[in-house]
Amino acid sequence: MKDYTWTFSRPITAGRHVLRITNAGAAIHELKFRRVLPGFTTAESIAWTPASGAPPADVDLASVTAVKPGVSVITTIDLPPGDYTLWCVLQRKHGMVQSLHVAELGRR
Ligand SMILES: [Cu+2]
């Protein structure tokens, strides 16, 4: 991750992954995986706010918080196939939110 995006060394497919997350940016960053619920889009997940009063479009799945510049952390995550949004609440004002499609193993 860097200021203000995430990139993966290869496409994330469904299942268990050991991720090495390195902050190559100058700011502190985090990585929250929110799973988009059936019937909702990633756009709805990104646009949703508690103040909207609407039902949430996603659920928290996993997160790595407050990674300092130059630091790497290793985490294990188990991702069912589907759509996700990635969040850095710390840098949300810089638009650090991204969508991610997790394909079933063997499919794109
Ligand atoms: Cu960030």
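The values are calculated or read from the model by the stated rules, or taken from the named source; none is laboratory data. Keep in mind that this is a model prediction, so the values were computed, not measured. Glycine gets a Cβ as well: all are built from the backbone with ideal geometry, and neighbour counts include every protein chain shown. In case anyone asks, the SASA skips ligands and DNA or RNA and just uses the protein heavy atoms, side chains included. Shrake-Rupley method; radii C 1.70, N 1.55, O 1.52, S 1.80 Å.
Highest mean packing comes first when the peptides 76-86, 53-63 are listed by Cβ atoms within 10 Å, giving 76-86, 53-63. For the chain, the carbon plus sulfur part of the accessible surface works out to 55%, probe radius 1.4 Å.
If I build a Gaussian network model for the chain, linking alpha-carbon pairs within less than 10 angstrom, which residue out of VAL89, VAL36, VAL71 has the largest mean-square fluctuation? In this elastic network of the chain, the residue with the biggest mean-square fluctuation among VAL89, VAL36, VAL71 is VAL71.
List the residues of the range 66-108 whose backbone N lies under 19 Å from a point placed 7 Å from the Cα of ILE28 along the Cα-to-Cβ direction. Under 19 Å, as judged by backbone N against the label point of ILE28, lie 66-74, 87-97 of the range 66-108.
Here, P(r) means the percent of Cα pairs in each 10 Å bin from 0 to the largest distance; for the chain it is 15, 46, 32, 7. Annotation: per residue accessible area for the range 15-102 equals 54 Å², rounded to a whole number [probe 1.4 Å, protein chains only].
Between ALA47 and THR76, what FRET efficiency comes out of the Förster formula 1/(1 + (r/R0)^6) with R0 = 35 Å and r the beta carbon distance, rounded to 0.05?
0.70
Put simply, the amide H of LEU79, placed in the peptide plane, has neighbours under 5 Å in GLY15, ARG16, HIS17, leaving out anything fewer than 5 places away on its chain. Computed about the Cα centre, the dipole magnitude for the chain is approximately 300 debye when only Lys and Arg (+1) and Asp and Glu (-1) carry charge, each at its Cβ. Result for the chain in a Gaussian network model with C-alpha springs under 10 Å: among THR22, THR49, THR65, the largest mean-square fluctuation is at THR49.
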